[in-house]
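Visitor: Got a structure here, written out as structure tokens. Questions coming.
Just so you know, all these numbers are worked out from the coordinates, no wet-lab data involved. These numbers were taken from a predicted model, which means no experiment stands behind them. Glycine also receives a Cβ, built like all others from the backbone with ideal geometry; neighbour counts cover every protein chain displayed.
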Amino acid sequence: MCTGNVARSPMLAAMLDTLAEDLGRGWSVRSAGTLAGEGDRVSARTLVAMASLPEVDASFLTLHRSHRLGVGDVAWADAILAAEADHVRHIRLEFPEATRKTVSVGQLIAEAPEGESLSAQVGHVASREPDERHDVTDPAGGDQSVYDDTAAQLWVIARQLAFGTRA
């Protein structure tokens, strides 16, 4: 989850899809935005940032179209990983049924106990107040270096999620 579903969440989705395939994991990943318009393309800067990560298959991002989180997405998801604490608050307010499964991905990495299932880790972090210190940088309006830095930040997070390591 991010705001417009044209940078952070599509980047992380591509990363997690790549890792799931590489590691033989049965993850299904969707990306959405809290305030996304329907049908917007990812920015050219997002595509360039992802091209700088040759380990990630980001080819589908040229086909990606933004999507706003809806009731069906919330029902489908076992966990909702947001880019920012404000996204977590927004989702919990709009979809109270998602409260126990919605966390900031950065806070999950920083605070979840190692060695537990993802569901247990999400539950642990969801019981806490969302913390802005763990937000993933929003590259919107930034130059290419900001997009590149955000992609690099997300790649670290994606690998930590996939391999169960923490910061």
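Visitor: Suppose we keep only residues that are out of contact with any Lys or Arg (no Cβ under 7 Å at 6 or more places or on another chain) and surrounded by 15 or more Cβ atoms within 10 Å (Cβ to Cβ) within segment 144-155. Which one would you say is nearest to residue 27 (Cα to Cα)?
Guide: Applying the filter and picking the extreme gives 155.
Visitor: Here is a follow-up. Search segment 28-73 for residues being closer than 21 Å to residue 85 by Cβ and of a type in the set (Ser, Thr, Tyr), and hand back the single one that is surrounded by the most Cβ atoms within 10 Å (Cβ to Cβ).
Guide: Within segment 28-73, the match that is surrounded by the most Cβ atoms within 10 Å (Cβ to Cβ) is 31.
Visitor: Scan 49, 32 and give me the residue that is in contact (Cβ under 8 Å) with a residue 40 or more places away in the chain and over 15 Å from the mean Cα position of the chain (by Cα). Write out each step before concluding.
Guide: Values: 32 fails: over 15 Å from the mean Cα position of the chain (by Cα).
Testing whether each residue is in contact (Cβ under 8 Å) with a residue 40 or more places away in the chain and over 15 Å from the mean Cα position of the chain (by Cα) leaves just 49.
Visitor: Separate question: With the requirement that a residue be small (Gly, Ala, Ser), more than 15 Å from the chain's Cα centre (by Cα) and under 20 Å from residue 136 (Cα atoms), what does segment 71-118 give you?
Guide: 112
Visitor: Sticking with this structure for a sec: For segment 18-41, give me the residue count where each residue is closer than 16 Å to residue 160 by Cβ and of a type in the set (Asp, Glu).
Guide: 1
Visitor: Name the single residue, out of those in segment 110-143 being β-branched (Val, Ile, Thr) and farther than 27 Å from residue 43 by Cα, that is surrounded by the fewest Cβ atoms within 10 Å (Cβ to Cβ).
Guide: So, considering only residues that are β-branched (Val, Ile, Thr) and farther than 27 Å from residue 43 by Cα, the one surrounded by the fewest Cβ atoms within 10 Å (Cβ to Cβ) is 122.
Visitor: Continuing with the same structure: So which of 77, 112, 126, 98 is touching a Ser or Thr at 6+ places or on another chain (Cβ under 7 Å), in contact (Cβ under 8 Å) with a residue 12 or more places away in the chain and of a type in the set (Gly, Ala, Ser)?
Guide: Numbers: 77 fails: touching a Ser or Thr at 6+ places or on another chain (Cβ under 7 Å); 112 fails: touching a Ser or Thr at 6+ places or on another chain (Cβ under 7 Å); 98 fails: touching a Ser or Thr at 6+ places or on another chain (Cβ under 7 Å).
Exactly one residue qualifies, and that residue is 126.
Visitor: Let me ask you something else. Looking at segment 1-42 only, could you name the residues that are out of contact with any Ser or Thr (no Cβ under 7 Å at 6 or more places or on another chain) and part of a loop (DSSP other than H, G, I, E, B)?
Guide: Result: 24, 25, 26, 27, 28, 29, 30, 41, 42.
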